[in-house]
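Dumping the structure here so I can ask a few things about it.
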Amino acid sequence: MVVTRFAPSPTGYLHIGGLRTALLNYLHARKSGGKFLLRVEDTDRSRHNEEAVKAILDAFEWVGLQSDDEVVRQSERDDIYRKYIDELLESGKAYRCYMTPAELEELREEQKNRGERPRYDGRYRDFNGTPPEGITPVIRIKAPTEGSIFVYDKIKGDIEFRVEDTLDDFIIARADGTPTYNFVVAVDDHLMGVNEVIRGDDHLSNTPKQIVIYEALNFPIPNFYHVPMIHNEQGRKLSKRDGATDVMEYKRLGYFPEALLNFLLRLGWSHGDKEIFSMAEMLELFDPSTISKSASIYSKEKLDWVNSEHLKLKPLEEFSQFGNLEIVALVRDRCNTLLDLEREVNKISEKPVEYDSKSLKKHFKETNQKLLTEFLEEIQSGENLESSFQKVLDSNGVGMAKLAQPIRIALVGTAQSPSVIDVMKILGVDEVIERVEALLKR
RNA sequence: GGCCCCAUCGUCUAGCGGUUAGGAUCCCAGGUUUUCAUCCUGGUUACAGGGGUUCGAAUCCCCUUGGGGUCACCA
């Protein structure tokens, strides 16, 4: 059974890039009846932030990606980590290091000056003497000192990291006793039964460290899939300055969760020429081993288009919150987002508060006004809307636009709207009379 | 800077030794709508550069260049 996870650190909201990673994990697990798990990475107590946890969970709820189990919180698992750290200490695979942060810093400076890679020099690796006074030690893992660590990545292929230039005896527990990231990731993934790890390729260079932990603890190594990053339109890392990176922002902007997911999935993955995917189709067709190796760039235009496609595919009934469904049916083809939809519906259902000056100038000349007045008289005399319209055109021998455009302006305030006849029918005679009179009297 | 990853239209991508290099988006033009949008038709635009291997390279190898990531008692 495939077990995957998404493990955000609660530093703020759910990031759009994180959502994509989560989606890929979710799809991969669920399509084969496996499990998708959520884990909050908050080992650093100064970083624990309950509000952020809630924000992230809310976002997951909105997009509909649900964890198949209780959300795991690392801050509540100190005992577990302690146990494994003790185990490593006892078996001699880890050791206490009494170097102070200042000493460490000094060492790094020296190494840098010599043009070497900054790394811990292993001075306490085989220490047997009496520990220096007044120093609470950190715990370091005994990493291999030579050879290579191989990562067999299902997306990137086999990657060799030479121990010499990638590893040192890194810290697995801080002086305050809390475990560090690379250690808890390995422990938790194993304990949670995670056997397929899909994550951003910014984690690729962490992987050798985690493999060191897996091996020290005799845990089986999971399959790794390192997915490329999403960049901004300048080809750089997506940052807050690039507009909406908070998933919930997309809700406010009127996007459908499925459309956002659809868009995100197509960044780095494709299935033939298919562009629009329902959740069921995503689940059916997704295969993580076919994710592309190169980074992709976020494109708002494409998202808008994907959202508009989803908007057109939804059953009409889903939009009753926006008002008259006949109006919704009339305007939804001209919308990208729900915000657009709301605006377009209102444009018809509410009386215009002002008239577009350009439209007036072009379509509210003398003849237009005369035709419009005639039209008003016809409908006031009890003639129905459609025949009144036709009658005025026929008796004056003019084309439809001469009358349709001023009616549009009267109805919605601009010369752009769906079919005037359709709009008038929905509005009804009384409302049409009111709006036409309002324009003529202005 | 060391290490690692990556490289096809502006963007998302197809291609996995032989294709007129395909689709989508964006943009432009035409048609439909006597409006706008939708929709339909058409069009512009790509294999980063240089070496190999091969009868044949976008596809395989090497180098260069460019971009990204990572180097914490952060995750």
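The values are calculated or read from the model by the stated rules, or taken from the named source; none is laboratory data. Not measured: the values here are computed from a predicted model. So basically every Cβ, Gly included, is an ideal-geometry build from the backbone, and we count neighbours across all protein chains shown.
Looking at A:D176, A:D189, can you tell me which residue is buried (at least 20 other Cβ atoms within 10 Å of the Cβ) and either aromatic (F, W, Y) or touching a residue at least 24 places away in the same chain (Cβ under 8 Å) (or both)?
A:D189 is the lone residue from the list that is buried (at least 20 other Cβ atoms within 10 Å of the Cβ) and either aromatic (F, W, Y) or touching a residue at least 24 places away in the same chain (Cβ under 8 Å) (or both).
Out of the residues in region A:281-297 that are touching a His at 6+ places or on another chain (Cβ under 6 Å) and more than 10 Å from RNA strand B (Cβ to nearest atom), state the one that is nearest to A:P228 (Cα to Cα).
Result: A:P288.
Continuing with this model, one more query. Does region A:49-72 include one or more residues that are within 16 Å of RNA strand B (Cβ to nearest atom), surrounded by 14 or more Cβ atoms within 10 Å (Cβ to Cβ), farther than 17 Å from A:G12 by Cβ and at pLDDT 95 or above?
The answer is yes, given that some residue of region A:49-72 is within 16 Å of RNA strand B (Cβ to nearest atom), surrounded by 14 or more Cβ atoms within 10 Å (Cβ to Cβ), farther than 17 Å from A:G12 by Cβ and at pLDDT 95 or above.
If we keep just the residues of region A:22-43 that are among the polar types (S, T, N, Q) and crowded, with 22+ Cβ neighbours inside 10 Å, which is modelled with the lowest pLDDT?
Result: A:T43.
Step by step: first the residues of region A:230-244, then only those that are in a loop (DSSP other than H, G, I, E, B), touching a strand residue (DSSP E or B) at 6+ places or on another chain (Cβ under 8 Å) and of a type outside the set (A, V, I, L, M, F, W, C), then the one that is farthest from RNA strand B (Cβ to nearest atom). Which residue is that?
The extreme case among them is A:N232.
Let me ask you something else. Restricting attention to region A:120-155, report how many residues are β-branched (V, I, T), surrounded by 13 or more Cβ atoms within 10 Å (Cβ to Cβ) and farther than 15 Å from A:E215 by Cα.
Result for region A:120-155: 4.
Return the pair list, or none, for Cβ contacts closer than 7 Å from residues in region A:89-115 that are over 22 Å from A:E133 (Cβ atoms) and away from RNA strand B (no atom under 11 Å from the Cβ) to residues that are not in a helix (DSSP H, G or I) and not β-branched (V, I, T), at least 6 apart or on different chains.
A:K93/A:K142; A:A94/A:R140; A:A94/A:K142
Regarding A:S395, is this residue surrounded by fewer than 13 Cβ atoms within 10 Å (Cβ to Cβ) and over 18 Å from A:I327 (Cβ atoms)?
Taking the combined requirement at face value, the residue satisfies it.
Additional query: Is it fair to say A:R96 is under 21 Å from A:I172 (Cα atoms), surrounded by fewer than 15 Cβ atoms within 10 Å (Cβ to Cβ) and in contact with a Pro (Cβ under 9 Å, 6 or more places away or on another chain)?
no
Also: Quick check on this structure: which one of A:S75, A:S32, A:S67 is in a helix (DSSP H, G or I) and among the polar types (S, T, N, Q)?
Only one candidate passes the filter, namely A:S75.
For region A:392-442, give me every one of the helices (runs of 4 or more DSSP H) that falls completely inside it and has 2 or more residues that are near RNA strand B (Cβ under 8 Å from one of its atoms) and within 15 Å of A:L376 (Cα to Cα).
A:400-412, A:420-427
Out of all the residues in region A:209-229, which are buried (at least 22 other Cβ atoms within 10 Å of the Cβ) and either within 9 Å of RNA strand B (Cβ to nearest atom) or assigned to a loop (DSSP other than H, G, I, E, B) (or both)?
A:K209, A:H226
Same structure, new question: Quick one: which residue in A:K293, A:K361 is on the phi < 0 side of the Ramachandran plot, touching a strand residue (DSSP E or B) at 6+ places or on another chain (Cβ under 9 Å) and surrounded by fewer than 14 Cβ atoms within 10 Å (Cβ to Cβ)?
A:K293
Might you let me know whether region A:265-278 holds any residue that is in a helix (DSSP H, G or I) and either exposed (fewer than 15 other Cβ atoms within 10 Å of the Cβ) or more than 19 Å from the chain's Cα centre (by Cα) (or both)?
Within region A:265-278, none of the residues are in a helix (DSSP H, G or I) and either exposed (fewer than 15 other Cβ atoms within 10 Å of the Cβ) or more than 19 Å from the chain's Cα centre (by Cα) (or both).
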